[in-house]
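Here is the structure we will look at.
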Amino acid sequence: GIDVGSVSVNTVVMNKKGDILEEHYTRTMGQPLKTVKKVLTEVLSCIEKEQIMAASLTGTAGKLVAELIGANFVNEIIAQSKSVEHLYPQVKTIVEIGGEDSKLILLDYDKHRKGMRIADFAMNTICAAGTGSFLDQQAHRLGLSIEEFSKLALKSENPPRIAGRCSVFAKTDMIHLQQGAAPDFDIVAGLCYAMARNFKSNIGKGKNFPHPVSFQGGVAANVGMRKAFLDVLELGQEEFIIPVHFASMGAIGSVITT
């Protein structure tokens, strides 16, 4: 299963039982087709072609790659929800944030098929303000790696209010805070909370977030964002799930759907 996103290619190799045998995260560096070729070459060097029953793709460039290599294509909303249904059947809300897109997927129980179904979903617009790219941009402005950015946010006790709907406005707020000698950890935490509030009010506008909530996608690696969503969505720890394979849920779902 291969999830071809804007920033990375996430790949899993699974057996008939649904066990994950291999998992790979590879940055595309703006070249998704070359990255997929590289990943497939690496996978085929470890596993004989005859052992692969099927290949399935999802993600922003997944359809194009699927057509090129003769593989299956699965819509990313369906792929994300199928992986959750398989691994975390108790989940009712999916918050998925990648490099350049974010999704809200609401699930409910379908008594006819005796399983969860997609009740509603919403996605971000073309603006990247509520995505991983937004956090990367702000980390760069502060001279931090995204890993440093992630950990620094947990030091803040009173995150300042920062505009999260637009990266231009966020930059303006950051400059004002820096001029006022606000510590970096407060600014970083403020950005995480701004992004979580933006997701709730923009993508989740007018929608309830039934519990439990699964937070997945590459941004789920950011511990500052985990804390921000926990607080903004007013969840208890038991109501907030970070999947073990949070970055590869689309790839897993594409395999399960095939």
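With respect to (1) open to solvent by 50 Å² or more (accessible area, probe 1.4 Å); (2) part of a loop (DSSP other than H, G, I, E, B); (3) in contact (Cβ under 8 Å) with a residue 60 or more places away in the chain, the lone exception for P243 is condition (1).
Scan region 171-211 for residues that are crowded, with 16+ Cβ neighbours inside 10 Å and either among the acidic types (D, E) or under 21 Å from the mean Cα position of the chain (by Cα) (or both) and the total you get is 21. Scanning region 61-104 for residues that are among the polar types (S, T, N, Q) and touching a helix residue (DSSP H, G or I) at 6+ places or on another chain (Cβ under 8 Å) returns N72, Q80, S81, S83, S102.
Tell me, yes or no, whether region 47-54 has at least one residue that is on the phi < 0 side of the Ramachandran plot and surrounded by 15 or more Cβ atoms within 10 Å (Cβ to Cβ). So far as region 47-54 goes, no, none of its residues is on the phi < 0 side of the Ramachandran plot and surrounded by 15 or more Cβ atoms within 10 Å (Cβ to Cβ).
Residues in region 74-108 that are in contact with a Pro (Cβ under 8 Å, 6 or more places away or on another chain), within 18 Å of V12 (Cβ to Cβ), surrounded by fewer than 23 Cβ atoms within 10 Å (Cβ to Cβ) and not hydroxyl-bearing (S, T, Y): L87 alone. Of all residues in region 89-116, those that are at pLDDT 90 or above and in contact with a strand residue (DSSP E or B) (Cβ under 6 Å, 6 or more places away or on another chain) total 12.
To keep it simple, each residue is scored yes or no on (1) touching a Leu at 6+ places or on another chain (Cβ under 9 Å); (2) surrounded by 18 or more Cβ atoms within 10 Å (Cβ to Cβ).
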| site | (1), (2) |
| --- | --- |
| G5 | no, yes |
| Q31 | no, no |
| K37 | no, no |
| A66 | yes, yes |
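Within the option set S254, S214, being under 30 Å from A55 (Cβ atoms), polar (S, T, N, Q) and within 14 Å of the chain's Cα centre (by Cα) holds for one residue only, S214.
Can you say whether M53 is assigned to a loop (DSSP other than H, G, I, E, B) and under 16 Å from I252 (Cα atoms), as far as the supplied structure shows? Against the criterion (assigned to a loop (DSSP other than H, G, I, E, B) and under 16 Å from I252 (Cα atoms)), M53 qualifies.
The values are calculated or read from the model by the stated rules, or taken from the named source; none is laboratory data. Quick caveat: nothing in here was measured; it's all calculated off a predicted structure. Cβ: placed from backbone, ideal geometry, glycine included. Neighbour counts: every protein chain shown. These area figures cover heavy atoms from the full protein model, side chains too; ligands, DNA and RNA do not enter into them. Shrake-Rupley method; radii C 1.70, N 1.55, O 1.52, S 1.80 Å.
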